[in-house]
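S.K.: Mind looking over this structure? Questions follow.
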Amino acid sequence: MNEDSLKDFITLVKDVWTHGVYGVDIGKIILALLVLSLFFMFRGLFSRFVINRLKSLAQRTKSDMDDEIIDALGNPLRFIPVVIGVFLATEVLTLNGIMETAAYNLNRSLVIFTIFWALFKMVGPLSFAIRKLQDIFTISMIEWMVKALKLLVIFLGGASILEIWGIEVAPLIAGLGLFGVAVALGAQDLFKNLIAGLFVIGERRFNPGDWIRIDGVVEGTVEHIGFRTTTIRRFDKAPVYVPNSKLADSAVTNFSRMTHRRIYWKIGVVYDTTIDQLRAIRDGIEKYILESDDFASPDEVSTFVNVDSFNDSSIDFMLYCFTRTTNWGEWLKIKEELAYAVKDIVEKNGSSFAFPSQSVYLESLPDGAEYFQPPEDRPAKKLPADVMA
């Protein structure tokens, strides 16, 4: 390699170093990468110092909302050093033309992304203010409102970034509208379930946690009311996903909204029971119910203890009353104590419980009929020896 070739090589290296990538000095690119790396490392220090400082200030207040907001803003705040690092790195590069415009749009997009990311995270803590409207709206409706607010933030943020890059949102929405019409034709059930879900929530038929029964479909506890289906967990702990349209069109029984819980028995005693015994049994059972605090009074609900019918093998009492509790476990306990009391009252009054039986009465025998007389026991005859042989 002669001297001129070496000079040409050095000149080539200088030219590449100066205009290496899209006319940008490689030295500036390296410096920009160092600046960006420095702010990435500064990110951890920023999160430990600034965020922890904000948390300590929030803990001094009586409200828990500011603590929730600081926790929610953790990731967006940690992203701020990255945005600053990208901005300074593009400033170091001293770009021109299209590259300068692209860097400008990139910095604006990162700033808008960070702002709307923070707003999206703040929707959760700020929803506590919306949840105070539970007297007006149901819990499920409030959850839908929070989800809709999050989707609105995402839409506005995405639209703002698209506008920065020169993509007009209005024609895009119009195109999506035409596409949505085509999709709607093939997704009628989806929109039907969505509208039915809105009606279910608006009518307040039930809330998560309620025990309901849908005739011919399922009985269990409501877990979640979604956009398309409602999750109901059966008592065997298996989840059932019921389309909202079926909930809107079917009869739904909400057991959680019972004011009282009913006990309805038919109690049969034997036909040998006298009228005085029947009255004593009836008065004893009624007295037990009226004197117990576990049962609602006749002023609140219907309460009956009466001789009701003459059954095939028993005289039946009708016992109709309501407990104050609607809790299933407590109701079973009260019903058990009532069963003990009824048995004790029946036995103390000299009667007993009837069971299915039939009696056959023979008034006379047909002419010429004879009673069957079983043969008397006779000693066995000894057989001859030749027969036994």
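Values in this text are rule-based calculations from the coordinates and carry no lab data. Everything numeric here is computed off the predicted structure, so don't read it as measured data. Please note: Cβ atoms are built from the backbone with ideal geometry, for glycine as well, and neighbour counts cover all protein chains shown.
S.K.: For segment 243-366, what is the convex hull (Cα atoms) projected area averaged across all directions, in square nanometres?
M.R.: Mean orientational projected area (segment 243-366, Cα hull): 13.0 nm².
S.K.: Now for a different question. Taking 7 Å along the Cα-to-C-beta vector as the label spot, tell me the Leu156-Tyr271 distance in nanometres, rounded to one decimal.
M.R.: It is 8.3 nm.
S.K.: Right, something else. What full-extension length gain, to one decimal in nm, is calculated for Leu33 and Thr259 as 0.36 nm per residue of separation minus the Cα-Cα distance? Intermediate results must be reported in sequence, preceding the final value.
M.R.: Numbers: separation 226, 0.36 × 226 = 81.36 nm, distance 7.02 nm.
Stretched fully, the Leu33-Thr259 segment lengthens by 74.3 nm.
S.K.: Output the peptides 319-326, 43-50 sorted from most to least packed, where packing is the average of other Cβ atoms within 10 Å over each peptide's residues.
M.R.: Working: 319-326: 19.9, 43-50: 13.4.
Output ranking for 319-326, 43-50: 319-326, 43-50.
S.K.: Moving on. Spin-label point model (7 Å from Cα, Cβ direction): what's the Leu88 to Gln59 distance in nm?
M.R.: In this crude spin-label approximation the distance works out to 3.0 nm.
S.K.: Follow-up question, since we're still on this one. Give, in nm to one decimal, the length gained when the segment between Tyr104 and Met318 is fully stretched (0.36 nm per residue of separation minus the Cα-Cα distance). Walk me through the intermediate numbers first.
M.R.: Details: separation 214, 0.36 × 214 = 77.04 nm, distance 8.53 nm.
Roughly 68.5 nm would be gained on extension.
S.K.: Do the alpha carbons of any pairs in Lys266/Lys348; Lys287/Lys333; Lys28/Lys55; Lys246/Lys335; Lys62/Lys121; Lys121/Lys237 sit beyond 28 Å of each other, and which pairs?
M.R.: Violating the 28 Å limit, Cα to Cα: Lys28/Lys55; Lys246/Lys335; Lys121/Lys237.
S.K.: Would you mind getting me the FRET efficiency between Tyr340 and Asp249? Use the beta-carbon distance for r and R0 = 41 Å, nearest 0.05.
M.R.: 0.35
S.K.: Along segment 280-296, what does the Karplus equation 6.51 cos²θ - 1.76 cosθ + 1.60 (θ = phi - 60°) give for ³J(HN,Hα), rounded to whole Hz, x for Gly and Pro?
M.R.: With coefficients 6.51, -1.76 and 1.60, one gets 5, 5, 4, 5, x, 5, 5, 4, 4, 5, 6, 8, 8, 6, 6, 10, 6 Hz.
S.K.: What are the principal axis extents of the Cα atoms in segment 25-71, in Å, biggest first?
M.R.: 55, 14, 9
S.K.: Same structure again: Residues in segment 257-280 near a label at Ser352, defined as backbone nitrogen under 13 Å from the 7 Å Cα→Cβ point?
M.R.: Counting only backbone N, you get 269-273.
S.K.: Give me the orientation-averaged projected area of the Cα convex hull of segment 188-256, in nm², one decimal.
M.R.: Numbers: hull surface 16.2 nm².
The orientation-averaged projected area of the Cα hull of segment 188-256 comes to 4.0 nm².
S.K.: Less than 19 Å from a label point 7 Å out along the Cα-to-Cβ axis of Met145: which backbone N atoms in segment 34-78 qualify, by residue?
M.R.: 65
S.K.: Working out 0.36 nm times the residue gap between Leu278 and Ala238, then minus their Cα-Cα distance, what length gain in nm do you get to one decimal?
M.R.: The Leu278-Ala238 span can extend by a further 9.7 nm.
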